[in-house]
1. What number of residues within the stretch 7-23 satisfy the criterion of being of a type outside the set (Val, Ile, Thr) and either assigned to a loop (DSSP other than H, G, I, E, B) or surrounded by 15 or more Cβ atoms within 10 Å (Cβ to Cβ) (or both)?
2. Among the residues of the stretch 23-58, write down those that are farther than 17 Å from residue 4 by Cα and among the aliphatic types (A, V, I, L, M).
3. Mind listing whichever residues of the stretch 40-58 are touching an Asp or Glu at 6+ places or on another chain (Cβ under 9 Å), open to solvent by less than 100 Å² (accessible area, probe 1.4 Å) and hydrophobic (A, V, I, L, M, F, W, C)?
4. Give the number of residues within the stretch 24-58 that are free of Cβ contacts under 8 Å to residues at least 12 places away in the same chain and part of a strand (DSSP E or B).
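The values are calculated or read from the model by the stated rules, or taken from the named source; none is laboratory data. Note that the coordinates shown come from a computational prediction; the quantities given were computed from them, not determined experimentally. Ideal geometry is used to build each Cβ from the backbone, glycine not excepted, and the neighbour counts take in all protein chains shown. Accessible surface is based on the protein model in full, side chains and every heavy atom, while ligands, DNA and RNA are left aside. Shrake-Rupley method; radii C 1.70, N 1.55, O 1.52, S 1.80 Å.
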Amino acid sequence: MKGQKLCTTIDEQIVFSQLEYSESAVWSLFLASGYLKTDKFWFNEEFGIEEYELSLTK
């Protein structure tokens, strides 16, 4: 990520079998394990989804 931020959705109900098929499940796992932190959160009204801006923890 090299200092960049990542905008994605987060799946708070991580199912390990989804890791192979769902990119958001991978980012959710990194967030839950402490490798990533949430910098911003917003609700995208156009698509009806919650989006997060993530970055690496220090």
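1. We begin by selecting, within the stretch 7-23, every residue of a type outside the set (Val, Ile, Thr); these are 7, 11-13, 16-23.
Still in the running and either assigned to a loop (DSSP other than H, G, I, E, B) or surrounded by 15 or more Cβ atoms within 10 Å (Cβ to Cβ) (or both): 11-13, 18-22.
So the answer is 8.
2. Matches in the stretch 23-58: 25, 26, 29, 32, 49.
3. Passing the criteria: 42, 54.
4. 3
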